[in-house]
Amino acid sequence: MKTIALFRGINVGGKSTIQMNTLSEIFSELGCKNVRTYIQSGNVIFDSPEFGDDALIDQIQQKIKGELGINPFILMLNVKDIEKAILNNPFPQSADTPQSLHLGFLASIPPEPDLTRLEKLKSETEQFRLIDNVFYLFAPDGVGRSKLAAGAEQALGVPMTDRNWRTVCKILEIAQMGDLE
């Protein structure tokens, strides 16, 4: 089964650096097949072994911590999760500026998201929507200084990892490609 692992907080600002070829090797050593990575921010697409996502996450985290001293947050998704996130995009105008739309993939559906706080954090140009376990942020002025981008995870109360629209679409494209073997 095609699986997508999204890492949070690696290779950002020179902290928690993991080379993508090292990450590929770790996945292969753990029995994953057809391992591919996309850009340096920790996107791994692979055919998953049969023992389940939670067990695989634990093994990956243990191996990375043991070899590199890093304990990353990892979120596992499948192709249907990515397809659904793309289909549910509430901001179709982002197709013209894919860097302006960010999807925050959440570890679970937030039980009590603080939507009032999110509204207070957003700028005049920003828009957001929470649909199931995906937080969509349309930020035409960028997310670098966005208070909403910075405060979303805390207001949602659930661990999240963020990808821009272009990256999400590319991950799906890679996942839908034929096997390497």
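Here are a few things to note about the model shown:
- The residues in the stretch 2-48 that are of a type in the set (A, V, I, L, M), in contact with a Ser or Thr (Cβ under 8 Å, 6 or more places away or on another chain) and farther than 24 Å from residue 104 by Cβ can be counted, and the count is 1.
- Checklist (1) modelled with pLDDT under 95; (2) assigned by TED's automatic domain parsing to the domain that holds residue 163 applied to residue 87, failing item: (1)
- Looking across the stretch 115-127, the residues that are closer than 16 Å to residue 99 by Cβ and either surrounded by 15 or more Cβ atoms within 10 Å (Cβ to Cβ) or in contact with a Phe, Trp or Tyr (Cβ under 8 Å, 6 or more places away or on another chain) (or both) come down to 126, 127.
- Residue match in the stretch 116-131 (condition: assigned by TED's automatic domain parsing to the domain that holds residue 161, within 17 Å of the chain's Cα centre (by Cα) and among the small types (Gly, Ala, Ser)): no
- Residues located in the stretch 40-66, provided they are of a type outside the set (A, V, I, L, M, F, W, C), modelled with pLDDT under 90 and surrounded by fewer than 17 Cβ atoms within 10 Å (Cβ to Cβ): 40, 49, 50, 52, 53, 54
- Listed by first and then second residue, the pairs with beta-carbon distance under 7 Å, at least 6 apart or on different chains, first residue in the stretch 142-161 and surrounded by 19 or more Cβ atoms within 10 Å (Cβ to Cβ), second at pLDDT below 95 and charged (D, E, K, R), are 161/8.
The values are calculated or read from the model by the stated rules, or taken from the named source; none is laboratory data. Predicted model only: the values in this text are computed from it and were never measured. Neighbour counts run over all protein chains shown; Cβ positions are idealised from the backbone, glycine included.
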